[in-house]
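Input: a single structure, listed below in structure tokens.
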Amino acid sequence: MTKPVLHFINNQFLASIDEGVFDTLNPSNNAVITQVASGTSPDVDRAVKAARAAFDEGPWPKMTPDERRKVLRRIGDLIIKHADAIAEAEIADTGIPASQIKKGAIPRAADNFYFFADYAVSLTGELYQAPNSFMNYSLHRPVGVAGLITPWNTPFMLETWKVAPCLASGNTCVLKPAEWSPLSAQKLAEIILEADLPPGVFNIVNGFGEMAGAPLVAHPEVQLISFTGETTTGMDIIRNGAATLKRYSMELGGKSPNIIFPDADLDRALDGTIFQIFSLNGERCTAGSRLILHESIHDQFVERLAELVKRIRVGDPVDAATEVGPLIHPDHWNRVRGYMDVAREERATILVGGDRPSDLPNGNFFAPTLITNVRNEMRIAQEEIFGPVLVVIPFKDEAEALRLANDVKYGLAAYLWTNDLTRAHRVAQKIESGMVWVNSHNVRDLRTPFGGSKFSGIGREGGHFSFEFYTEVSTIHVALGQHHIPKMGA
Ligand code: NAD
């Protein structure tokens, strides 16, 4: 059996103070992979104190960005070196297919360290000249201790997306990985130990949201919370952190539109549509889960889509040929399956899939699913299913496409396929979402702002946006001469 997963505090692997543990399961068969230390408030307190001491007394915040860069680039190199072991843990824990972990998530995790380490070196403040009277300038300082709370879909990639800019800015942190996918964070801790990061700079407390996440959010010595997860959890976190006035970055849920106009390159649109909903087992915040399809191409496009969706290879995520693996957990399988009953009640048509594939009786496998006869007001078109389920909604003209795209509480991503240049920009600029991809699936450039509008989030990370979140800006006003100072009590 895989060795137990422990907390990582002050560069030491530790059990919970109350010795509590829980099981982490392999979604392909729901067998126990190993036991995980179940953190509670005293564990969180121990980790925050370590992070606080490392921030107040340790070398990390005082190092130059270039000194920190060397350590963080070493972490990137070690991720590449240990890529196979990380991939093995991540695939076993999440069920995401090997090809998508090995070619996508893990190289991207190393890039997160390289990119943010380098970016921090070029971070500059601003100078505001007021000739002969003042010189005002701003500079970036690390903020303090960050609480980083992550979900179970692509955990390693998302953890590094937060840890790298947080540490590059000179902060220290406590990471709370998702309880359904704790294995790969343990690998990150091993790598960080090997990279010689000073003790207390990076800490992990494992455990459940209410037991380990909530005390981290409420802790008075934590200044920042970067959270990725469900919108309702984000709301709880903001409430819970109010008494200690936290700064938040909130990357939340989505129900993103994928609009296809008839003049698009339909072959590319077909491939993009399929990848954008069925990759990562459909457990993707930026999934293009609502296909908004022009009525003139609807039947023919749906026919081609259905043929391909039926042929998607569902199976063992370890197998290099697998395209869709099992859902993360039986509870999540039941939730996704529950939406099939909703679809039937709403009188939509489940054209493909809708249940467990007949050849995969064990584990949390769910067939890639295509649902037609959908109206935008249906729950299946409004709620985040977070599984391999695509709903198709027809539209007549550009105005209707926009109305449908925007008529949802979320606003994370959108996809738009057209070869009409002016329409592409016109529509893209009117879609209410943090990110729009035109004639593309989700290709992310680390310099660009990432985040959602409406119920999909608060704030942006990526490029300089990450540093705006992870640094405090101080403005220094220096008098250059004898400016007038009003006299009082003279
Ligand atoms: P979740 O909200 O259930 O859990 C996320 C994390 O929050 C976990 O670590 C969990 O333990 C913790 N948590 C739960 N309750 C908490 C509390 N009261 N206080 C502090 N922490 C708490 O989300 P999930 O099911 O793990 O992930 C799926 C969700 O994440 C989807 O909604 C998806 O869209 C979203 N997501 C968003 C992005 C993005 O960038 N916008 C990326 C990936 C996933």
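The values are calculated or read from the model by the stated rules, or taken from the named source; none is laboratory data. Small disclaimer: the values here were computed from a predicted structure and weren't measured. Here the Cβ is made from the backbone with ideal geometry for all residues, glycine too, and neighbour counts use every protein chain on show. SASA here: full protein model, heavy atoms, side chains in, ligands and nucleic acids out. Shrake-Rupley method; radii C 1.70, N 1.55, O 1.52, S 1.80 Å.
Results, tabulated for the structure shown:
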| read-out | value |
| --- | --- |
| Whole-number D in µm²/s for segment 257-438 (Stokes-Einstein; Kirkwood sum over Cα pairs; 37 °C, 0.692 mPa s) | 200 |
| Summed side-chain charge close to G147 - residues other than G147 whose Cβ falls under 11 Å, Lys, Arg +1, Asp, Glu -1 | +3 |
| Solvent-accessible surface (1.4 angstrom probe) belonging to D271, in square angstrom, nearest 10 | 100 |
| Surface share of carbon and sulfur [accessible, 1.4 angstrom probe, percent] for segment 338-455 | 50 |
| Residues with amide H under 5 Å from that of V436, placed H, sequence gap 5 or more | A414 |
| Accessible carbon and sulfur surface of segment 22-94 relative to its total accessible area, %, 1.4 Å | 53 |
| Nitroxide proxy distance, nm - points 7 Å out along Cα→Cβ at R375 and I17 | 5.6 |
| For I393, residues with placed amide H under 5 Å, excluding near neighbours | L291, I292, L293 |
| Under the Karplus curve 6.51 cos²θ - 1.76 cosθ + 1.60, θ = phi - 60°, whole-Hz ³J(HN,Hα) for segment 288-298, x wherever Gly or Pro sits | x, 8, 10, 7, 9, 10, 5, 4, 5, 10, 3 |
| Per residue value of the accessible surface for the chain (all protein chains in place, 1.4 Å probe), Å² | 41 |
| Residues of segment 301-320 with amide N under 17 Å of the 7 Å Cα→Cβ point at N362 | 315-319 |
| Added length on full extension, which subtracts the Cα-Cα distance from 0.36 nm per residue, E221 to R335 | 37.4 nm |
| Whole-Å distance, taken between Cα centres, linking segment 36-63 and segment 330-359 | 44 |
| Unit charges at the beta carbon, dipole of the chain: most positive-side option, G325, P357, H477 | H477 |
| Potential extension, R347-R403 segment - 0.36 nm per residue separation minus Cα distance | 17.9 nm |
| Separation between Cα centres of segment 81-142 and segment 214-228, rounded to whole Å | 21 |
| Computed lengthening from E307 to L421, 0.36 nm per intervening residue step minus Cα-Cα distance | 38.0 nm |
| Inter-site label distance for M63 and T244 at 7 Å from Cα along Cβ, in nm | 2.6 |
| Portion, in percent, of the accessible area of segment 151-195 that falls on carbon or sulfur, probe 1.4 Å | 58 |
| Volume of the Cα convex hull of the chain, divided per residue and given in Å³ | 175 |
| For D263, residues with placed amide H under 5 Å, excluding near neighbours | N419 |
| Local electrostatic count, P317, Cβ distance below 14 Å [Lys/Arg +1, Asp/Glu -1] | -4 |
| 12 Å beta-carbon shell around I33, net charge (K/R +1, D/E -1) | -3 |
| Rounded to whole Hz, the Karplus (6.51, -1.76, 1.60) HN-Hα couplings of segment 58-71, x for glycine and proline | x, x, 4, x, 8, 5, 6, x, 5, 5, 5, 4, 4, 5 |
| Distance violations [Cα-Cα > 32 Å] among K81/K176; K49/K103; K255/K310 | K49/K103 |
| Those residues of segment 153-186 whose amide nitrogen sits under 19 Å from the label point placed on D196, 7 Å along Cα→Cβ | 168 |
| D56 accessible area, 1.4 Å probe, all protein chains in place, Å² to nearest 10 | 80 |
| Electrostatic dipole magnitude of segment 257-438 [Cβ: Lys, Arg +1; Asp, Glu -1; Cα centre; debye, to 20] | 240 |
| Separation of the Y128 and K3 label points, Cα + 7 Å toward Cβ, nm | 5.3 |
| Lys, Arg +1 and Asp, Glu -1 on Cβ, resulting dipole of the chain about Cα centre, debye, nearest 20 | 980 |
